[in-house]
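Below is one structure; the comments refer to it alone.
The values are calculated or read from the model by the stated rules, or taken from the named source; none is laboratory data. Values in this document were obtained by computation on a predicted structure and should not be read as measured data. Neighbour counts run over all protein chains shown; Cβ positions are idealised from the backbone, glycine included. SASA here: full protein model, heavy atoms, side chains in, ligands and nucleic acids out. Shrake-Rupley method; radii C 1.70, N 1.55, O 1.52, S 1.80 Å.
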Amino acid sequence: MATKMLKRALMAVAGLHARMPTTERLVLAPDVYLATAWPLAPVDIPPSFSRQYSPEALEPLESPIFVVWAEQEVDDKVIGAVDVELERKLGLVDIALSMVSGWGMAHRVITVELHEPDGQRSLQGITSLEPWSAREGWRRLRFDIDKVPAITSRLLKLTAEDWRERGYDYFLRGVRSFFRACHQDVVDDRYELFCRAIETVVQTGQGGGARQFAEAVLEQQGRLIPDRSHRNHAYEAHYRRRNEVVHGHRFLEEKKDRRAIALMESTARGYFQQLLSDPAFFESALASQRARVEARDSESLRRQVRAANRGQEGAPPRPARRPRSST
């Protein structure tokens, strides 16, 4: 008979300016938790692990601002696949944290522990993750810890096994662009990816991209007024600036464009916070996205049919070329 054991993956987080949760343990999802202290005493790091990383990389293990962990009861013969699933859940929590942070550099370390029935614990693995940052420097937002459970739960649903069947491709790509932006040090890349994250979800169409982008942002902010197109100009300018950066027609400067960069970051963060924590807004965005995708696909199909029909009718013969004069 297989012996039941507890497998636990823990992520220690340091570097964020955070308001601590009001409870000792915050439930983020089934078997996924967040707390301001280790659930048990930190496990000793063997020299074989500590030699792989610098002291700075392992610093969150010594003084975390909070600890996130996922756990699952397993048989003694089933270990590896569980490790992957537990660390996947922590990765989604990591994305959720990036969406509620207003300022700071997040340093994280993941440890994997095996808890045996007799109470013994053993360290199975340790991973130091690449830092990411939030930089809304001109207007600091508080770390909104209360939204982490809703965002984590939504991300778990988006990445469920049937995510392709549900048509979540664009949402997941937008989330990935947002998270990639938080890892960038070059301001051009941060700015472009934060814009792209929203645009990927909205699925703007050719020719009307700037207007549709601005309308989507203002609608999320509750500031969209029909027939008042002049209110769209600011975010339309952001969209065009982003296109100029993508095509290399201009480059951003940290000092000169600081406010624009910070505004686009806070705009993207606010958009994704509501998208992933507000069910009504999520369904509205999903319906709008699907309608645009279907309209685009229908137009593409019509163009293919028209091109095929022209090919069947046959193109008129080209006029013969006049021979070049030898003189």
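How many residues does region 106-130 contain that are surrounded by 15 or more Cβ atoms within 10 Å (Cβ to Cβ) and either within 30 Å of residue 268 (Cβ to Cβ) or under 14 Å from the mean Cα position of the chain (by Cα) (or both)? Before you say what the answer is, go through the steps one by one.
Here is the first cut: in region 106-130, the residues surrounded by 15 or more Cβ atoms within 10 Å (Cβ to Cβ) are 106-115, 121, 123-124, 126-129.
Going one step further and asking which of them are either within 30 Å of residue 268 (Cβ to Cβ) or under 14 Å from the mean Cα position of the chain (by Cα) (or both), we end up with 106-110, 127-129.
Qualifying residue count for the region: 8.
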* Here are some residues: 74, 84, 32. Which one is open to solvent by 70 Å² or more (accessible area, probe 1.4 Å) and of a type in the set (Val, Ile, Thr)? -> 84
* Please indicate, with yes or no, whether at least one residue in region 3-11 is without any contact (Cβ under 8 Å) to a residue 12 or more places away in the chain and either open to solvent by 60 Å² or more (accessible area, probe 1.4 Å) or part of a strand (DSSP E or B) (or both). => no
* To do: Check region 276-284 and report whether any residue there is within 20 Å of residue 181 (Cα to Cα), touching a helix residue (DSSP H, G or I) at 6+ places or on another chain (Cβ under 9 Å), part of a helix (DSSP H, G or I) and touching a residue at least 60 places away in the same chain (Cβ under 8 Å).
  => yes
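Against the definition (modelled with pLDDT of 85 or more, charged (D, E, K, R) and either within 21 Å of the chain's Cα centre (by Cα) or open to solvent by 60 Å² or more (accessible area, probe 1.4 Å) (or both)), how does residue 190 come out, yes or no? It would help to see each step written out before you state the result.
Values: modelled with pLDDT of 85 or more: yes; charged (D, E, K, R): yes; either within 21 Å of the chain's Cα centre (by Cα) or open to solvent by 60 Å² or more (accessible area, probe 1.4 Å) (or both): yes.
Judged against the criteria, residue 190 is a match.
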* To do: Give region 87-105 a look and list any residue that's assigned to a strand (DSSP E or B) and open to solvent by 30 Å² or more (accessible area, probe 1.4 Å), or say none.
  => 103, 105
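Would you be able to say whether some residue in region 169-181 is assigned by the TED database to the domain that holds residue 243, part of a loop (DSSP other than H, G, I, E, B) and open to solvent by 20 Å² or more (accessible area, probe 1.4 Å)?
No, there is no match, as no residue in region 169-181 is assigned by the TED database to the domain that holds residue 243, part of a loop (DSSP other than H, G, I, E, B) and open to solvent by 20 Å² or more (accessible area, probe 1.4 Å).
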* What residue, among those in region 57-86 that are modelled with pLDDT of 85 or more and in a loop (DSSP other than H, G, I, E, B), is nearest to residue 123 (Cα to Cα)? -> 58
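Do we find a residue being modelled with pLDDT of 80 or more, surrounded by fewer than 16 Cβ atoms within 10 Å (Cβ to Cβ) and farther than 30 Å from residue 185 by Cα anywhere in region 309-326? So that I can check it myself, show each step before the final result.
First pass over region 309-326, keeping only residues modelled with pLDDT of 80 or more: 309.
Now restrict to residues that are surrounded by fewer than 16 Cβ atoms within 10 Å (Cβ to Cβ): 309.
From what is left, the residues that are farther than 30 Å from residue 185 by Cα are 309.
Yes, region 309-326 has at least one match.
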* Structure fact -> residue 153: passes all of (1) open to solvent by 30 Å² or more (accessible area, probe 1.4 Å); (2) modelled with pLDDT under 95 but (2)
* Would a scan of region 264-273 turn up a residue that is open to solvent by 90 Å² or more (accessible area, probe 1.4 Å), modelled with pLDDT of 80 or more and in the same structural domain as residue 166 (by the TED database)? -> no
* To do: Please go through region 198-257 and pick out each residue that is in a loop (DSSP other than H, G, I, E, B), open to solvent by less than 100 Å² (accessible area, probe 1.4 Å) and among the hydrophobic types (A, V, I, L, M, F, W, C).
  => 224, 225, 252
* Go through (1) at pLDDT 85 or above; (2) not in a loop (DSSP other than H, G, I, E, B) and name the single condition residue 48 misses. => (1)
